[in-house]
1. Take residues that are more than 14 Å from every other protein chain (Cβ to nearest Cβ) and either over 27 Å from residue B:72 (Cα atoms) or modelled with pLDDT of 90 or more (or both) and tell me which of the helices (runs of 4 or more DSSP H) falling wholly in the stretch B:261-359 contain 3 or more.
2. Which of the residues belonging to the stretch B:208-233 are more than 10 Å from chain A (Cβ to nearest Cβ) and not in a helix (DSSP H, G or I)?
3. Would you be able to say whether some residue in the stretch B:234-244 is within 13 Å of another protein chain (Cβ to nearest Cβ) and more than 20 Å from residue B:287 (Cα to Cα)?
4. Could you check, for the stretch B:167-179, whether at least one of its residues is more than 9 Å from chain A (Cβ to nearest Cβ) and modelled with pLDDT under 90?
5. With the structure loaded, tell me whether residue A:603 is within 9 Å of another protein chain (Cβ to nearest Cβ), modelled with pLDDT of 80 or more and surrounded by 14 or more Cβ atoms within 10 Å (Cβ to Cβ) or whether it fails that test.
6. Condition (residue is surrounded by fewer than 21 Cβ atoms within 10 Å (Cβ to Cβ), in contact (Cβ under 8 Å) with a residue 40 or more places away in the chain and assigned to a helix (DSSP H, G or I)) applied to the stretch A:91-111: is it met by at least one residue?
7. Within the stretch B:435-457, can you find the residues that are surrounded by fewer than 16 Cβ atoms within 10 Å (Cβ to Cβ) and either more than 13 Å from chain A (Cβ to nearest Cβ) or out of contact with any helix residue (DSSP H, G or I) (no Cβ under 8 Å at 6 or more places or on another chain) (or both)?
8. Tell me, please, whether a residue that is free of Cβ contacts under 8 Å to residues at least 60 places away in the same chain, farther than 19 Å from residue A:281 by Cβ and assigned to a helix (DSSP H, G or I) can be found in the stretch A:204-219.
């Protein structure tokens, strides 16, 4: 157990190190194969280890590596329970497919080896995050995924936009990290430990006041909002699409952005004690879901549609975990990983076939040229639109059902979720139609073609998962819920309604999906309408939030920084530091002539030193 | 007499590798690949043997061998586990030089192996004469290595200066051994310890003078002020591919010898030598820091910085036996940093040239981001920034000194560490904020260098984050 669980992390870590040193030498496609095998290996181990859990009789286990920070009682320790097993399976499973796909997608890129070493670094970090058994190790993983996402977004760093996007993601995530670190400090101050068991058991025994729990939970939310691109810290994710498309699929759809959801689910014991904070999570999620969905409607870049769609779907997950429906939230996390990774990889396949074109207004009629891509993406489209029996329907419906069942103001949130579902169906249909149907609007010289087998096989596998992935947790057979029960044993879970209400709610949300799809088909069936009214421009530019941020935070920050740099620093700090600096430098300059370079003067120095030492020692005892 | 050839396994393996290398090379005119294989066999074998000795003899399980000539204990085996890999990394980083000197490259490899073996023997010597022989084996190899390119700018000067001053120091050291022998009647360290523990010397002048002269020789080796004067010229003049091992190896071997000599035979005279060590530490820290600030050549700057580091390491030694673990921690982490830093210098300014002006590094971050990042990491670690191994090392030696009631030395060390920031950060500023020269070439990083820098960087980071395993190990790296 010890070794095999560690191997899950060590395999991709080894791949990362190997490729980091020898990536160029191993070359193409060897580097990609090595990286893929490492992740597949982790996945297989995880499957074997998770077998007991699937049979329903596996106890949670911990693997202790070493004592890391004894002063804080922190050990480098892994935790293997149902939740981390599920996350590990998603990360390594979807990750393997994306690795495989990347071998085809990155063909001919000069940074081929580097790319795969970064991908393996990312998988390593993500696994540390989900397998950590205390907040400190979780934080290490948390920061490492931030680092690897930065490296991958700005992978084509010679393109200024990509470099700027990487920087933006890094900085916005730091804002979230401040909240996270403060939360960790509060947790340590209350419990005197950062271990999950100690903290959650302590919280259960009532060692946490409501005020303190609320403070901690809200700070955790700040961290989660940064990583999972929720309002108001979502701005980095659309720009992050500058990275290679498999990166968008891996990091910005399937895995990293779900870290916030995972963290809230993991710390459910704290959120349970802070109903206000939990409600805030749900409200932030609902608002983000609706907000991002409206923006997604008016995007022309195929990847930006998916980016905003991801933000919107993450909002659903937040809504779920905020409503204490942790299973539903994690369930949606899983299905979303399948169909959103599929959408991104499909979009990558389209972009690949269109020689780098990302503007949907220049696509159209691709269905016949790229049949596999089209067929698989169509499945993902129906899945995300909430059409049964595809995966997205079951998970989305469960979240909406739980939110409705809680009654009162929560039902407003249900309404928001329903409208979002309608919008989602609309913009996804728009995307599908502009891309695959209608008249070709290709630029001259673009010859669309289906992508190589290496890229379509992962698409087909993901499409299969998008079809059946939802069946693991249906109202008829709640397998996943039973699977995750031991993890959330101590937490009070909210449940979806049953009986006729469940049927009505499901019918309503399916209706919303169908209306959205129908409206979009009507609108885009015969022609591409001109979309440049005021409203479209407002939405297309994301409500100009980026510009507002640039003006207020970046501009204001720059003013403050200017004051600090040119006033305070120059006069205050530099005065002091440069005083010391110039003094030492001057002293250094005066001393310099002492080092003449003549052996005789060096010899003299040594003899003088010897005489000095002799004088001291002889003064301690006579001859 | 305890004859056990496994006790000298590291030495035997190295010597075998050297003989093989030279004989086979003379006979078959091998290419440099075969030299590399021979060196790898030697270093890996010697490291393995040291690890085996460590497992057998760590902690309190040390033993004496060969008529008390050699001690195999945690102390010597830790030194072996450190010096052989470091020498291997240094050689990998200097492989460019091995290839650049034609057929003489085989000699270079052989000398590196011999020097490493000498360094290890210095840590394992249990007899002052043995120590002297080991020191000479080590030093003479280094003299030749420092001047290996011969016509290289400053290399012959560096080698000659190193040799002349080294001979002076060796002579003084030998005189010190004679005086110790005169006072105790033995050159065995453990014999002297037994004598001094059981005998009250009324007029210990001879003995104390002997200690003083021993300290001169060892202070020279570790480049502690005021015996550091050779270091800047030698570091700067010797070819880039040599300097890393020269700097790291001398620190490991010198401090190993110094610690054993001071703590084992002279342990009962700690009240006499600790103040002297403290003064040497203080002057090294001050002089190293002040002079480093004024330098415009990276290798010269690192030479003075190594003087300052010698001071920091001696700060641990004032605590006597209690400080040995902290000394090892600092020495081992510093050895990796310095090998890594000089490996990068050998890339940027060339493995065959001596000088490495700071202007070579302008805009390095643009030309070679990974090199610049690694160099930045080593600088931060040498400066003692938290989350690097350098920080933990400084914390460890300062704690040892505080426990030994040398608070003034710690305060002085802290001030010097702040002053040291000036020149470490300056290199980072040069690399990251200054525009590169127009004709600056994109540095070619060979696999060996990449490996050496990578290992050094990983060690620096990992030990910075997770120092406890190493801190536990060095507790067992104590002399018999």
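The values are calculated or read from the model by the stated rules, or taken from the named source; none is laboratory data. Quick caveat: nothing in here was measured; it's all calculated off a predicted structure. Note: ideal-geometry Cβ built from the backbone for every residue, glycine included; neighbour counts use all protein chains shown.
1. On the way: elements: B:270-293, B:298-317, B:324-349.
Correct list: B:298-317, B:324-349.
2. Scanning the stretch B:208-233 gives B:222, B:223.
3. Scanning the stretch B:234-244, I find at least one residue that is within 13 Å of another protein chain (Cβ to nearest Cβ) and more than 20 Å from residue B:287 (Cα to Cα), so the answer is yes.
4. Keep residues of the stretch B:167-179 that are more than 9 Å from chain A (Cβ to nearest Cβ), which gives B:167, B:170-171, B:173-179.
Now restrict to residues that are modelled with pLDDT under 90: none.
No; the residues of the stretch B:167-179 include none that is more than 9 Å from chain A (Cβ to nearest Cβ) and modelled with pLDDT under 90.
5. Numbers: within 9 Å of another protein chain (Cβ to nearest Cβ): yes; modelled with pLDDT of 80 or more: yes; surrounded by 14 or more Cβ atoms within 10 Å (Cβ to Cβ): yes.
Yes, satisfied.
6. No.
7. Those that are surrounded by fewer than 16 Cβ atoms within 10 Å (Cβ to Cβ) and either more than 13 Å from chain A (Cβ to nearest Cβ) or out of contact with any helix residue (DSSP H, G or I) (no Cβ under 8 Å at 6 or more places or on another chain) (or both): B:435, B:437, B:438, B:439, B:441, B:442.
8. No, the stretch A:204-219 contains no residue that is free of Cβ contacts under 8 Å to residues at least 60 places away in the same chain, farther than 19 Å from residue A:281 by Cβ and assigned to a helix (DSSP H, G or I).
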